[in-house]
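Heads up, the thing below is written out as structure tokens.
The values are calculated or read from the model by the stated rules, or taken from the named source; none is laboratory data. Small disclaimer: the values here were computed from a predicted structure and weren't measured. Counting neighbours? That spans all protein chains shown, and the Cβs are built from the backbone with ideal geometry, glycine included.
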Amino acid sequence: MIAAPKWLPYRLRSSWDTARINAAVTDLRHATPRAATPPESASAEVHMLVCKRDLRLAGLSLLSLLRYELPLAVTVTEDGSLTANDRAWLNRLIPGVRWLARRVEEPTFQEVLQSFPRLAELYAGGYHPICKLLHPICLGCCERIIVLDPDTVFFQYPELLSEWVAGSDSRDYYLHDHQDEATAVPESVRTAFVQLADITARFGQRWSLAYYLFNSGLLWYHRKRMNLDVAEAYLTWRIEQPHALRSGIGAIWFGDWTPEQTGYMAMFATANPTPVHMPDDYWLGGGNGHTFNHFLRHYLIQTETQQRIHQLAKTL
């Protein structure tokens, strides 16, 4: 399909773009299924939040990783937009998926939430990404967790991740953008993180991330090292900040769509031992030659990206 004309209203253009993306991966209907490993025998557990728009992408992303036969359990949280047929489609591609609802009513989980009113408020509301933070940490079946977004693809064998899954690397890893932070991160944001670091210091660990442009499209970590008290403290601090910091460029970190990502950032920044960033072959954005790409919508709608994922879908 050709790209949507720019004069179309946003909603029509967005629907057109989604149709183009789904058309690019239509060969998944012929893909070889890749079963998830049962949690009791898995070395790590993949968690993914999926909506109806990204269902086909989710299938491509999971298959692109599971084809390497790593012993991974798979848990998918659906945001409430999937039908029974949608879930059956993904179950065919990935037999053994564990499904979680958007809001899990399990008593021990709800009891945990009572200790974190800010997190609980987001979970009870309409902010779906909070499931990416709470479900793996509170409801995960394995100690080692991989958080993966649907708009991601493993194009090559992920040697670093494979070593981590095998247990030969015990560190926790985060993805980051490769923009020049000297120009991409304003002083107001840097000052805000100094304030936040002072607040989170009371949890016993100095703020120690190498990058401001943290991204939660791919994370792998040990559940026991993630402190929800830190995420709760971040959310409490955030609501006290001026609107100017939470809008404009500051919204990348402190806006209404990123509490989950910056909550993760705060937990990683205060984790012990200090997590490390993924190397340059784990890439945020477009471009060829990387082991992994987290495309984001901006790159997914580009013809070059759709040609690449089309070819991968045919291969799978």
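Out of everything in the range 214-267 that is under 22 Å from residue 204 (Cα atoms) and of a type in the set (Lys, Arg), what residue ends up being surrounded by the most Cβ atoms within 10 Å (Cβ to Cβ)? It comes out as 238.
Right, residue 190: farther than 25 Å from residue 163 by Cα and either crowded, with 19+ Cβ neighbours inside 10 Å or free of Cβ contacts under 8 Å to residues at least 60 places away in the same chain (or both) or not? In short, yes.
Could you tell me whether any residue of the range 268-279 is assigned to a helix (DSSP H, G or I) and either acidic (Asp, Glu) or in contact with a Gly (Cβ under 9 Å, 6 or more places away or on another chain) (or both)?
no
When the residues of the range 156-175 are filtered to those that are in a loop (DSSP other than H, G, I, E, B) and of a type in the set (D, E, K, R), the one that is surrounded by the most Cβ atoms within 10 Å (Cβ to Cβ) is 172.
Among residues of the range 156-173 that are touching a residue at least 60 places away in the same chain (Cβ under 8 Å), those with a beta-carbon under 8 Å from a residue that is surrounded by fewer than 20 Cβ atoms within 10 Å (Cβ to Cβ) and part of a helix (DSSP H, G or I) at least six positions away or on a different chain give the pairs 172/225; 173/160. Looking at the range 28-51, which of the residues that are assigned to a helix (DSSP H, G or I) and out of contact with any helix residue (DSSP H, G or I) (no Cβ under 6 Å at 6 or more places or on another chain) is surrounded by the most Cβ atoms within 10 Å (Cβ to Cβ)? Ranking the qualifying residues of the range 28-51, first place goes to 39.
Any residue in the range 176-184 that is within 16 Å of the chain's Cα centre (by Cα), more than 18 Å from residue 39 (Cα to Cα) and either surrounded by fewer than 14 Cβ atoms within 10 Å (Cβ to Cβ) or touching a residue at least 60 places away in the same chain (Cβ under 8 Å) (or both)?
Taking every residue of the range 176-184 in turn, at least one turns out to be within 16 Å of the chain's Cα centre (by Cα), more than 18 Å from residue 39 (Cα to Cα) and either surrounded by fewer than 14 Cβ atoms within 10 Å (Cβ to Cβ) or touching a residue at least 60 places away in the same chain (Cβ under 8 Å) (or both).
Annotation note: Cβ proximity below 7 Å between a residue of the range 68-91 that is in the same structural domain as residue 51 (by TED's automatic domain parsing) and a residue that is in a loop (DSSP other than H, G, I, E, B) and aromatic (Phe, Trp, Tyr) (sequence gap 6+ or interchain) occurs for 68/157.
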